[in-house]
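Q: Structure in structure tokens, see below.
The values are calculated or read from the model by the stated rules, or taken from the named source; none is laboratory data. Since this is a predicted model, take the numbers as computed values, not measurements. Cβ placement follows ideal geometry from the backbone for every residue including glycine, while neighbour counts extend to all protein chains displayed. The protein model used for the area step is the full one, side chains on, heavy atoms only, and it has no ligands, DNA or RNA in it. Shrake-Rupley method; radii C 1.70, N 1.55, O 1.52, S 1.80 Å.
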Amino acid sequence: MIGPSKQLLSLDPHSQEAIVLQHGRNLSVRMPFDGVDAVVKCFPPPSLLSRIGARLLRTHSKPQRAFEAAAFLHSRVPDSTPEPLSWCVAPDGSGRFVSRYVDGMKSLTATLVERYNQYGPGPVIMDLLERVAAVCRKMHDAGFFHGDLGNQNIMISDDGRILVIDLNRCRLFPEGGVPLRLRARDLSRIALPSDFLRCFFEMYWQDSPPSGFLRAERRYRARFAFHSATRRLRHPFRPRRKSPEPEYPSPNNLWIWDPRSEQALVTLLSRDRRRYQSISRVTTPLLVLLKYWFRILSNLRTLRHCEFASGITAFASRVRISIAADPERFGQELALLDELHCPNVHLRFYAHETQSSIAFKLQAVQKLRERGFNVAISLVQCRDSILHPDTWAQHCTTILDAVHEQVEWVEYLHAVNRVKWGIWNYRELASLLDCLPDFQKRYPATAFLVPSVIDFEWDYFAGAVHKLPKCFAKSPLAGASAELYIDRRGAPEAFQGRYDAVGKLRLLRAILETTPAIEDRLIVTEFNWPLEHTGVWSPVGAPYTSPGPRLNDPSVSPADCAAYLIRYLLLGIASGMAHEMVFWSLAAHGFGLVDPGSEPSTAWKKRPGFFALACFFEILGDATFERAISSSGLQRLLLFRKSDGNRIAVAWQADLTEAPLCPNLPFTPTETLDLFGASIDSATPLSGNPIYFFESHPRHVPVSGH
């Protein structure tokens with residue numbers, strides 16, 4: 001540090017060697033100073049009122065305050081602000097502040113806008129916010145209150161350092177750190193989507209923020225919003241200066257991809273999402289349900305009588321496994337599919353993917369078909385698909401032109417009832433559905449599935465199936481898709497309100513039968529269970545795992561996931577309510593049958609679900625479902641017949657709080673296998689893990705790898 005220097009007054013910020021970094025009242029230029037590559041910030045003469053106030057309050061000039069603040073912060077928190085070099089004040093009150101130039105500094109505003117426009121990715125944004133939060137916390141703990149800690153005053157250098165600038169409004173608290181109220185005031189200037197802001201506060205505190213902090217922060221944020229909104233009223237004659245910073249996308253147009261949990265991220269808290277949602281979210285389903293309610297009730301009664309009817313052949317062939325099919329994984333995925341003996345595969349084509357990724361997936365479909373796999377695909381939208389429908393239409397056309405003759409069905413759109421996937425209302429959904437008649441005419445042999453509603457939101461499902469173009473009444477679509485999770489909380493026999501898994505499927509089928517636009521075929525195109533201890537890689541842990549204990553965590557153990565998986569498949573398909581079911585996905589750290597680890601170099605590890613499903617395919621691959629001996633109550637017992645005529649019973653006990661039961665089998669078993677294919681005593685009491693009972697010895701007894 002050089003300290004005050006009158007030499008600064010001789011510098012010409014308008015000379016040819018000066019590079020303008022920021023225009024405006026406080027001009028900032030890059031130029032040499034005393035042999036150092038420096039940034040010179042020029043302050044104009046203060047107004048008369050400012051000079052009078054400074055004398056009364058005995059405050060220093062802006063250049064001196066900026067220098068003293070930078071010197072304090074630079075000494076207390078090294079590398080948190082550019083090194084201050086000098087300052088000076090002219091007789092007219094104007095002044096200059098000089099700091100060392102740092103290569104490649106870009107504001108947090110510009111960095112975030114760049115990331116938002118590139119769809120994230122989520123981990124990069126979260127890493128950036130963690131580093132910014134850490135610097136802010138160190139700054140406040142050191143006793144430095146910034147006073148204008150907006151995104152434009154937080155800079156990111158080329159070497160990754162987080163630097164704070166524009167320090168002349170600061171207040172110093174050398175002993176004890178910045179008070180809670182002023183911390184809230186500083187952080188209220190940080191501009192982030194509300195759910196990202198929630199994560200940022202937890203990163204800052206490394207715990208849940210104190211309630212007093214949150215109340216003060218909301219108050220200061222509202223006060224600053226009012227201050228900004230009334231700026232034109234307070235300064236009607238001041239010329240409006242355009243900010244050099246890029247503009248953020250509107251909150252409803254923000255779409256961030258998270259490759260760790262393989263989903264789009266929630267960016268807004270529920271209270272903020274509601275501001276951008278339409279009342280049609282309520283009125284459209286309500287009108288449909290009022291119109292068709294009695295038909296739905298009648299359909300429910302009919303379907304209840306048809307449940308668990310006999311004659312479902314090639315039972316295991318109705319199960320499909322999703323794969324990522326990216327270049328780094330595809331070879332290992334093929335080997336696992338062969339080992340699993342799964343004949344049916346599912347891939348997703350994302351609208352935000354690069355052309356090279358899509359081209360590789362198109363080649364993967366061809367390779368899968370050559371190896372004898374039955375392939376189905378999903379066309380997944382992003383927010384840009386609604387904003388630029390021509391781009392979405394071209395995306396779909398490129399894919400369908402290449403693979404429409406090689407796939408069994410195409411799921412059109414994804415999770416249409418979740419705004420994080422880009423669709424905010426029924427009008428936007430209808431705009432994407434309007435493309436579908438053209439696709440059906442162009443690819444008449446392709447089976448299209450809609451409406452792809454995720455979770456048990458049966459009201460939205462009702463509104464969506466009746467939003468289809470009227471032309472489908474004469475030429476109906478091949479079926480409906482639903483991404484039906486078990487409330488993400490466990491067993492398929494567990495009730496969510498009045499409905500267990502079979503009841504949910506039954507209600508969706510009853511609604512589906514009210515429209516002639518879709519054939520009566522329901523395919524569950526996504527389900528899984530978030531696995532415990534997988535953090536941000538889990539669908540319920542992304543994008544940031546809050547420190548401290550997690551309350552009401554819906555994650556399950558890998559062993560429980562294996563049992564729930566087989567039970568859901570048995571109930572969903574044997575009941576006849578689901579025509580097919582697709583598990584998402586083969587390899588994923590947070591929810592897959594195989595754990596590929598959190599690092600690319602990690603060896604892949606098969607989870608219990610992989611071995612349970614391999615056993616399921618081996619035993620029931622060519623079996624025909626005959627009847628349910630017990631499909632409710634404590635004991636569940638389903639009867640199958642193999643192609644050689646021998647019978648197999650599958651039994652489990654749904655409620656583990658009761659005493660274990662022994663199954664009431666219709667035959668004396670000669671062989672009994674557990675969930676993973678290991679031989680066990682036929683008198684073993686039932687548990688939550690399904691058990692296979694054979695009427696005669698199986699020709700190929702699976703060997704448990706679990």
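Q: For the range 536-562, which residues satisfy the criterion of being without any contact (Cβ under 8 Å) to a residue 60 or more places away in the chain, out of contact with any helix residue (DSSP H, G or I) (no Cβ under 8 Å at 6 or more places or on another chain) and open to solvent by less than 60 Å² (accessible area, probe 1.4 Å)?
A: Taking the range 536-562 and keeping what is without any contact (Cβ under 8 Å) to a residue 60 or more places away in the chain, we get 540, 545, 549-553, 555, 557-559, 561.
From the residues that got through so far, the ones that are out of contact with any helix residue (DSSP H, G or I) (no Cβ under 8 Å at 6 or more places or on another chain) too are 540, 549-553, 555, 557.
Selection gives V540, S555, S557.
Q: Would you check if T283 is exposed (fewer than 14 other Cβ atoms within 10 Å of the Cβ), more than 29 Å from I125 (Cβ to Cβ), in contact with a strand residue (DSSP E or B) (Cβ under 6 Å, 6 or more places away or on another chain) and not basic (K, R)? Walk me through it before giving the result.
A: Details: exposed (fewer than 14 other Cβ atoms within 10 Å of the Cβ): yes; more than 29 Å from I125 (Cβ to Cβ): yes; in contact with a strand residue (DSSP E or B) (Cβ under 6 Å, 6 or more places away or on another chain): no; not basic (K, R): yes.
So T283 does not fit the description; no.
Q: While we're here: With the requirement that a residue be open to solvent by 20 Å² or more (accessible area, probe 1.4 Å), assigned to a loop (DSSP other than H, G, I, E, B) and under 21 Å from I256 (Cα atoms), what does the range 406-423 give you?
A: If the condition is that a residue be open to solvent by 20 Å² or more (accessible area, probe 1.4 Å), assigned to a loop (DSSP other than H, G, I, E, B) and under 21 Å from I256 (Cα atoms), then R418 is the only one that fits.
Q: Tally time: how many residues in the range 421-454 are touching a residue at least 40 places away in the same chain (Cβ under 8 Å) and either hydroxyl-bearing (S, T, Y) or more than 16 Å from L477 (Cα to Cα) (or both)?
A: Total meeting the criteria: 13.
Q: In addition: Step by step: first the residues of the range 636-656, then only those that are closer than 18 Å to Y564 by Cβ and at pLDDT below 90, then the one that is surrounded by the most Cβ atoms within 10 Å (Cβ to Cβ). Which residue is that?
A: A654
Q: Same structure again: Within the range 491-507, is even one residue closer than 24 Å to S385 by Cα, touching a Ser or Thr at 6+ places or on another chain (Cβ under 7 Å) and modelled with pLDDT of 95 or more?
A: No, the conditions are met nowhere in the range 491-507.
Q: State all residues of the range 170-204 that are part of a loop (DSSP other than H, G, I, E, B), open to solvent by 10 Å² or more (accessible area, probe 1.4 Å) and either free of Cβ contacts under 8 Å to residues at least 24 places away in the same chain or closer than 22 Å to S270 by Cβ (or both); if no residue qualifies, say none.
A: Those that are part of a loop (DSSP other than H, G, I, E, B), open to solvent by 10 Å² or more (accessible area, probe 1.4 Å) and either free of Cβ contacts under 8 Å to residues at least 24 places away in the same chain or closer than 22 Å to S270 by Cβ (or both): P179, A191, L192, P193.
Q: Considering S357, S317, S310, which residue is under 24 Å from the mean Cα position of the chain (by Cα) and polar (S, T, N, Q)?
A: Working: S317 fails: under 24 Å from the mean Cα position of the chain (by Cα); S310 fails: under 24 Å from the mean Cα position of the chain (by Cα).
So the residue among S357, S317, S310 that is under 24 Å from the mean Cα position of the chain (by Cα) and polar (S, T, N, Q) is S357.
Q: Give the residues of the range 457-502 that are under 30 Å from L634 (Cβ atoms), open to solvent by less than 20 Å² (accessible area, probe 1.4 Å) and either touching a strand residue (DSSP E or B) at 6+ places or on another chain (Cβ under 9 Å) or of a type in the set (S, T, Y) (or both), sorted by residue number.
A: Of everything in the range 457-502, those that are under 30 Å from L634 (Cβ atoms), open to solvent by less than 20 Å² (accessible area, probe 1.4 Å) and either touching a strand residue (DSSP E or B) at 6+ places or on another chain (Cβ under 9 Å) or of a type in the set (S, T, Y) (or both) turn out to be A482, E483, L484, Y485, I486, G490, E493.
Q: Taking the condition of being open to solvent by less than 50 Å² (accessible area, probe 1.4 Å) and in a loop (DSSP other than H, G, I, E, B), how many residues in the range 220-244 meet it?
A: The qualifying residues number 1.
Q: Going by the conditions given, is S250 of a type in the set (G, A, S) and touching a residue at least 60 places away in the same chain (Cβ under 8 Å)?
A: Details: of a type in the set (G, A, S): yes; touching a residue at least 60 places away in the same chain (Cβ under 8 Å): no.
It is false that S250 is of a type in the set (G, A, S) and touching a residue at least 60 places away in the same chain (Cβ under 8 Å).
Q: Look through the range 667-681, keep the residues that are open to solvent by less than 50 Å² (accessible area, probe 1.4 Å) and not aliphatic (A, V, I, L, M), and return whichever of them is nearest to S310 (Cα to Cα).
A: Out of the qualifying residues, it is F667.
Q: Of everything in the range 438-456, what is crowded, with 16+ Cβ neighbours inside 10 Å and not small (G, A, S)? Give them in sequence order.
A: Correct list: F439, Q440, Y443, T446, F448, L449, V450, P451, V453, I454, D455, F456.
Q: Give the range 583-631 a look and list any residue that's touching a helix residue (DSSP H, G or I) at 6+ places or on another chain (Cβ under 7 Å) and in a loop (DSSP other than H, G, I, E, B), or say none.
A: Within the range 583-631, L586, H589, G590, L593, S598, W604, R607, G621, A623 qualify.
Q: Before we move on, is A659 open to solvent by 50 Å² or more (accessible area, probe 1.4 Å), aliphatic (A, V, I, L, M) and within 36 Å of the chain's Cα centre (by Cα)?
A: No; evaluated as a whole, the condition is false for this residue.
Q: Out of all the residues in the range 112-128, which are surrounded by fewer than 19 Cβ atoms within 10 Å (Cβ to Cβ) and β-branched (V, I, T)?
A: V113, V124
Q: Check whether at least one residue in the range 145-158 is crowded, with 22+ Cβ neighbours inside 10 Å, in contact with a Phe, Trp or Tyr (Cβ under 7 Å, 6 or more places away or on another chain) and either aliphatic (A, V, I, L, M) or closer than 22 Å to R219 by Cα (or both), and report yes or no.
A: No, that holds for no residue.
Q: Looking at the range 1-35, which of the residues that are over 20 Å from P244 (Cβ atoms) and of a type in the set (G, A, S) is modelled with the lowest pLDDT?
A: My answer is G3.
Q: For the range 36-53, which residues satisfy the criterion of being modelled with pLDDT of 75 or more and not in a loop (DSSP other than H, G, I, E, B)?
A: V36, D37, A38, V39, V40, K41, C42, F43
Q: Search the range 384-405 for residues being open to solvent by less than 40 Å² (accessible area, probe 1.4 Å) and either closer than 17 Å to P437 by Cα or not aliphatic (A, V, I, L, M) (or both), and hand back the single one that is nearest to the chain's Cα centre (by Cα).
A: S385
Q: Still on this structure, I have one more. Among G122, G150, which is small (G, A, S), in contact with a Leu (Cβ under 6 Å, 6 or more places away or on another chain) and closer than 30 Å to P259 by Cα? Before the answer, list the steps.
A: Values: G150 fails: in contact with a Leu (Cβ under 6 Å, 6 or more places away or on another chain).
Selected residue: G122, the only one of G122, G150 that is small (G, A, S), in contact with a Leu (Cβ under 6 Å, 6 or more places away or on another chain) and closer than 30 Å to P259 by Cα.
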